[in-house]
Amino acid sequence: MAQRKVVSQRQSELQPVYDFLDMLHPARLRAHWNRIGRRAQWTLVISLASLVLIWVVLNLLLLTMRHVRATTGPFLFEALQAPYELSARPVPLPGDETVTVLPAAAGDYTLQAETVQIAAPGMPAPVQAADEQETAPAPAAANFFVGQCLLNAAQPETETPCTGVAPLYLTSGTYSSGGTLLDAAAARFDSAANAREAMKSLRQFSGANEAVGNYAVGVGEVDFFYSSTGERYTFTWAHDAWVYTVSGAAFHELEKLVRAFPY
(Lines give C-alpha, C1' and ligand atoms only; values in the text may rest on other atoms or scores of the structure.)
Protein backbone atom coordinates (compact mmCIF):
# COMPACT_ATOMS: atom_id res chain seq x y z
CA MET A 1 0.00 0.00 0.00
CA ALA A 2 1.47 3.28 -1.05
CA GLN A 3 1.81 6.06 1.54
CA ARG A 4 0.90 9.63 0.68
CA LYS A 5 3.53 12.13 1.59
CA VAL A 6 2.12 15.22 3.34
CA VAL A 7 3.94 18.38 2.44
CA SER A 8 3.43 21.26 4.96
CA GLN A 9 3.36 24.65 3.39
CA ARG A 10 5.44 27.21 5.25
CA GLN A 11 3.41 30.12 6.55
CA SER A 12 4.50 33.58 5.47
CA GLU A 13 6.15 35.79 8.13
CA LEU A 14 3.69 38.52 7.18
CA GLN A 15 0.69 36.29 7.82
CA PRO A 16 -0.16 38.03 11.15
CA VAL A 17 -0.32 41.33 9.28
CA TYR A 18 -2.58 39.83 6.64
CA ASP A 19 -4.81 38.37 9.36
CA PHE A 20 -5.07 41.73 11.08
CA LEU A 21 -5.91 43.55 7.85
CA ASP A 22 -8.47 40.87 7.05
CA MET A 23 -10.02 41.38 10.48
CA LEU A 24 -10.33 45.10 9.78
CA HIS A 25 -12.36 44.48 6.68
CA PRO A 26 -15.67 46.40 7.05
CA ALA A 27 -17.77 43.29 6.46
CA ARG A 28 -15.94 41.31 9.17
CA LEU A 29 -16.08 44.26 11.58
CA ARG A 30 -19.80 44.58 10.99
CA ALA A 31 -20.25 40.87 11.59
CA HIS A 32 -18.29 40.99 14.86
CA TRP A 33 -20.26 44.08 15.94
CA ASN A 34 -23.58 42.40 15.27
CA ARG A 35 -22.57 39.39 17.36
CA ILE A 36 -22.11 41.68 20.36
CA GLY A 37 -25.20 42.33 22.47
CA ARG A 38 -26.99 45.66 22.29
CA ARG A 39 -26.04 46.50 25.87
CA ALA A 40 -22.35 45.81 25.20
CA GLN A 41 -22.53 47.93 22.07
CA TRP A 42 -23.86 50.94 23.99
CA THR A 43 -21.27 50.43 26.72
CA LEU A 44 -18.47 50.51 24.15
CA VAL A 45 -19.89 53.58 22.43
CA ILE A 46 -20.31 55.48 25.70
CA SER A 47 -16.79 54.51 26.86
CA LEU A 48 -15.23 55.62 23.59
CA ALA A 49 -17.17 58.89 23.60
CA SER A 50 -16.14 59.53 27.21
CA LEU A 51 -12.46 59.01 26.37
CA VAL A 52 -12.71 61.41 23.43
CA LEU A 53 -14.50 63.99 25.60
CA ILE A 54 -11.88 63.71 28.35
CA TRP A 55 -9.10 64.17 25.79
CA VAL A 56 -10.78 67.27 24.35
CA VAL A 57 -11.40 68.81 27.80
CA LEU A 58 -7.81 68.20 28.92
CA ASN A 59 -6.45 69.80 25.77
CA LEU A 60 -8.74 72.81 26.19
CA LEU A 61 -7.62 73.22 29.80
CA LEU A 62 -3.96 73.06 28.77
CA LEU A 63 -4.51 75.63 26.04
CA THR A 64 -6.39 77.91 28.44
CA MET A 65 -3.66 77.67 31.08
CA ARG A 66 -1.00 78.48 28.50
CA HIS A 67 -3.04 81.47 27.29
CA VAL A 68 -3.61 82.79 30.81
CA ARG A 69 0.04 82.31 31.73
CA ALA A 70 1.18 84.04 28.56
CA THR A 71 -1.20 87.01 28.67
CA THR A 72 -1.93 87.82 32.31
CA GLY A 73 1.13 86.88 34.34
CA PRO A 74 3.64 89.59 33.48
CA PHE A 75 0.99 92.12 32.43
CA LEU A 76 -0.80 91.86 35.77
CA PHE A 77 2.51 92.33 37.59
CA GLU A 78 3.32 95.36 35.47
CA ALA A 79 -0.14 96.82 36.07
CA LEU A 80 0.53 96.83 39.82
CA GLN A 81 3.79 98.72 39.41
CA ALA A 82 3.65 102.44 40.13
CA PRO A 83 3.62 104.56 36.95
CA TYR A 84 5.94 107.45 36.11
CA GLU A 85 8.90 105.59 37.73
CA LEU A 86 7.75 106.81 41.15
CA SER A 87 9.56 104.04 43.03
CA ALA A 88 12.92 105.31 41.73
CA ARG A 89 12.40 108.82 43.10
CA PRO A 90 13.99 110.13 46.32
CA VAL A 91 12.07 110.90 49.49
CA PRO A 92 12.32 114.42 50.98
CA LEU A 93 14.08 114.55 54.32
CA PRO A 94 12.16 116.01 57.27
CA GLY A 95 13.45 119.53 57.83
CA ASP A 96 12.16 122.96 58.68
CA GLU A 97 8.40 122.53 58.84
CA THR A 98 7.84 126.24 58.36
CA VAL A 99 8.75 125.96 54.67
CA THR A 100 7.19 123.95 51.87
CA VAL A 101 8.77 120.84 50.39
CA LEU A 102 6.98 121.47 47.12
CA PRO A 103 9.57 122.30 44.44
CA ALA A 104 9.59 125.88 43.22
CA ALA A 105 9.47 124.56 39.66
CA ALA A 106 8.69 121.21 38.06
CA GLY A 107 9.14 121.04 34.32
CA ASP A 108 7.17 123.87 32.73
CA TYR A 109 5.23 124.51 35.93
CA THR A 110 6.02 127.16 38.52
CA LEU A 111 4.78 127.14 42.10
CA GLN A 112 2.77 130.26 42.92
CA ALA A 113 4.28 131.46 46.20
CA GLU A 114 1.13 133.27 47.30
CA THR A 115 -0.84 130.01 47.23
CA VAL A 116 1.50 128.02 49.47
CA GLN A 117 -0.04 126.82 52.72
CA ILE A 118 1.70 124.90 55.52
CA ALA A 119 0.21 123.07 58.48
CA ALA A 120 2.13 121.31 61.24
CA PRO A 121 1.45 120.45 64.91
CA GLY A 122 2.21 123.42 67.15
CA MET A 123 2.46 125.86 64.24
CA PRO A 124 0.41 128.98 65.03
CA ALA A 125 -2.19 129.95 62.48
CA PRO A 126 -1.32 133.14 60.60
CA VAL A 127 -3.11 136.20 61.92
CA GLN A 128 -4.86 138.18 59.20
CA ALA A 129 -6.76 141.42 59.23
CA ALA A 130 -10.46 141.38 58.39
CA ASP A 131 -9.90 142.80 54.91
CA GLU A 132 -7.10 140.30 54.26
CA GLN A 133 -9.31 137.40 55.32
CA GLU A 134 -11.90 138.38 52.73
CA THR A 135 -9.36 138.42 49.89
CA ALA A 136 -7.12 135.59 51.08
CA PRO A 137 -7.19 132.64 48.65
CA ALA A 138 -8.42 129.29 49.90
CA PRO A 139 -5.73 126.65 50.35
CA ALA A 140 -5.00 124.84 47.11
CA ALA A 141 -5.63 121.53 48.85
CA ALA A 142 -9.25 122.58 49.43
CA ASN A 143 -9.93 122.55 45.68
CA PHE A 144 -10.26 118.76 45.37
CA PHE A 145 -11.54 115.90 47.50
CA VAL A 146 -8.22 114.23 48.38
CA GLY A 147 -6.58 117.54 49.21
CA GLN A 148 -9.57 118.61 51.31
CA CYS A 149 -9.35 115.36 53.24
CA LEU A 150 -5.64 115.91 53.96
CA LEU A 151 -6.30 119.53 54.88
CA ASN A 152 -9.00 118.58 57.37
CA ALA A 153 -6.87 115.79 58.81
CA ALA A 154 -4.05 118.27 59.48
CA GLN A 155 -6.28 120.46 61.64
CA PRO A 156 -5.49 119.97 65.35
CA GLU A 157 -9.19 119.95 66.29
CA THR A 158 -9.96 117.02 63.97
CA GLU A 159 -10.57 114.03 66.24
CA THR A 160 -11.33 111.41 63.58
CA PRO A 161 -9.64 112.49 60.35
CA CYS A 162 -10.76 110.92 57.10
CA THR A 163 -7.22 109.62 56.64
CA GLY A 164 -7.52 107.51 59.78
CA VAL A 165 -4.37 109.13 61.16
CA ALA A 166 -3.40 112.80 61.14
CA PRO A 167 -0.33 113.89 59.15
CA LEU A 168 2.58 115.47 60.99
CA TYR A 169 3.10 118.00 58.22
CA LEU A 170 1.04 119.23 55.28
CA THR A 171 1.88 121.69 52.57
CA SER A 172 -0.08 122.65 49.47
CA GLY A 173 0.17 125.07 46.59
CA THR A 174 -0.85 125.82 43.03
CA TYR A 175 1.37 125.35 39.99
CA SER A 176 0.83 127.30 36.79
CA SER A 177 2.05 127.00 33.22
CA GLY A 178 0.64 128.98 30.31
CA GLY A 179 -2.63 129.62 32.07
CA THR A 180 -3.03 126.01 33.26
CA LEU A 181 -3.42 125.64 37.02
CA LEU A 182 -2.73 122.45 38.95
CA ASP A 183 -3.10 122.03 42.71
CA ALA A 184 -0.66 119.89 44.66
CA ALA A 185 -0.25 118.79 48.26
CA ALA A 186 2.33 116.80 50.21
CA ALA A 187 1.76 115.27 53.64
CA ARG A 188 4.23 113.54 55.95
CA PHE A 189 3.14 110.88 58.42
CA ASP A 190 5.08 109.46 61.33
CA SER A 191 5.77 106.17 59.50
CA ALA A 192 5.47 104.45 56.15
CA ALA A 193 2.85 102.14 57.69
CA ASN A 194 0.66 105.10 58.64
CA ALA A 195 1.13 106.64 55.21
CA ARG A 196 -0.14 103.38 53.70
CA GLU A 197 -3.12 103.35 56.06
CA ALA A 198 -3.82 106.94 55.05
CA MET A 199 -3.73 105.90 51.38
CA LYS A 200 -6.30 103.19 52.05
CA SER A 201 -8.57 105.72 53.75
CA LEU A 202 -8.02 108.29 51.00
CA ARG A 203 -8.97 105.78 48.32
CA GLN A 204 -12.15 104.88 50.20
CA PHE A 205 -12.89 108.57 50.78
CA SER A 206 -12.41 109.29 47.08
CA GLY A 207 -14.59 106.35 46.12
CA ALA A 208 -17.43 107.85 48.16
CA ASN A 209 -17.13 111.25 46.46
CA GLU A 210 -15.78 110.61 42.96
CA ALA A 211 -14.88 107.88 40.50
CA VAL A 212 -11.72 105.93 41.33
CA GLY A 213 -9.66 104.51 38.48
CA ASN A 214 -6.57 102.30 38.51
CA TYR A 215 -5.00 101.85 41.91
CA ALA A 216 -2.56 99.69 43.83
CA VAL A 217 -2.42 100.05 47.60
CA GLY A 218 -0.49 97.71 49.85
CA VAL A 219 1.16 95.63 47.13
CA GLY A 220 4.35 97.52 46.28
CA GLU A 221 6.87 100.07 47.41
CA VAL A 222 4.72 102.93 46.10
CA ASP A 223 0.93 103.11 46.53
CA PHE A 224 -1.17 105.08 44.05
CA PHE A 225 -4.66 105.69 42.73
CA TYR A 226 -6.39 107.82 40.11
CA SER A 227 -9.68 109.59 40.79
CA SER A 228 -11.96 111.94 38.89
CA THR A 229 -15.15 113.93 39.22
CA GLY A 230 -15.59 114.12 35.44
CA GLU A 231 -14.46 117.76 35.47
CA ARG A 232 -11.31 117.36 37.56
CA TYR A 233 -8.65 114.66 37.62
CA THR A 234 -6.50 113.67 40.60
CA PHE A 235 -3.48 111.41 41.01
CA THR A 236 -2.40 110.45 44.52
CA TRP A 237 0.62 108.39 45.54
CA ALA A 238 2.58 107.48 48.67
CA HIS A 239 6.29 106.73 49.02
CA ASP A 240 7.81 105.91 52.39
CA ALA A 241 6.11 108.19 54.98
CA TRP A 242 4.96 110.77 52.41
CA VAL A 243 1.68 111.14 50.55
CA TYR A 244 1.47 113.37 47.47
CA THR A 245 -1.51 114.38 45.39
CA VAL A 246 -1.91 116.51 42.26
CA SER A 247 -5.20 117.64 40.72
CA GLY A 248 -6.29 119.61 37.68
CA ALA A 249 -8.90 120.00 34.96
CA ALA A 250 -6.77 118.48 32.16
CA PHE A 251 -5.45 114.95 32.58
CA HIS A 252 -2.55 115.35 30.14
CA GLU A 253 -1.39 118.47 32.02
CA LEU A 254 -1.65 116.59 35.32
CA GLU A 255 0.56 113.84 33.90
CA LYS A 256 3.14 116.40 32.73
CA LEU A 257 3.46 117.78 36.26
CA VAL A 258 3.58 114.35 37.89
CA ARG A 259 6.33 113.25 35.46
CA ALA A 260 8.37 116.34 36.30
CA PHE A 261 7.73 116.14 40.07
CA PRO A 262 10.97 115.25 41.91
CA TYR A 263 9.39 113.04 44.60
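Scanning the range 204-263 for residues that are β-branched (Val, Ile, Thr) and closer than 20 Å to ALA186 by Cβ turns up VAL217, VAL222, THR234, THR236, VAL243, THR245, VAL246, VAL258.
Selection of the range 190-241 for residues being closer than 25 Å to LEU93 by Cα and small (Gly, Ala, Ser) yields SER191, ALA192, ALA193, ALA195, ALA198, SER201, ALA216, GLY218, GLY220, ALA238, ALA241. Of everything in the range 122-153 that is more than 21 Å from THR245 (Cα to Cα) and hydrophobic (A, V, I, L, M, F, W, C), the residue that is modelled with the highest pLDDT is MET123.
Mind listing just one residue for me: the one in the range 143-165 that is assigned to a loop (DSSP other than H, G, I, E, B) and crowded, with 24+ Cβ neighbours inside 10 Å and, of those, nearest to the chain's Cα centre (by Cα)?
Here is the first cut: in the range 143-165, the residues assigned to a loop (DSSP other than H, G, I, E, B) are 144, 154-165.
Subset that is crowded, with 24+ Cβ neighbours inside 10 Å: 144, 154, 163.
Working: PHE144: 23, ALA154: 29, THR163: 22 Å.
Out of the qualifying residues, it is THR163.
The listed residues are ALA208, ALA186, and the only one of them that is within 18 Å of THR98 (Cα to Cα) and either among the aliphatic types (A, V, I, L, M) or touching a His at 6+ places or on another chain (Cβ under 8 Å) (or both) turns out to be ALA186.
Answer yes or no: is there a residue in the range 60-70 that is more than 37 Å from the chain's Cα centre (by Cα), surrounded by 10 or more Cβ atoms within 10 Å (Cβ to Cβ) and at pLDDT 75 or above.
No, the conditions are met nowhere in the range 60-70.
Of all residue pairs spaced 6 or more apart or on separate chains, those with beta-carbon atoms under 7 Å, a first member in the range 186-212 that is within 25 Å of ARG232 (Cβ to Cβ) and aliphatic (A, V, I, L, M) and a second member that is open to solvent by 40 Å² or more (accessible area, probe 1.4 Å) and part of a helix (DSSP H, G or I) are VAL212/ARG203. Please specify each residue of the range 88-121 satisfying the condition of being small (Gly, Ala, Ser) and at pLDDT 90 or above. Scanning the range 88-121 gives ALA88, ALA104, ALA105, ALA106, GLY107, ALA113.
The values are calculated or read from the model by the stated rules, or taken from the named source; none is laboratory data. The model shown is predicted, which means the values in this text are computed figures rather than measured ones. Here Cβ is always computed from backbone atoms with ideal geometry, including for glycine, and neighbour counts include all displayed protein chains. Surface areas here come from the heavy atoms of the whole protein model, side chains and all, with no ligands, DNA or RNA. Shrake-Rupley method; radii C 1.70, N 1.55, O 1.52, S 1.80 Å.
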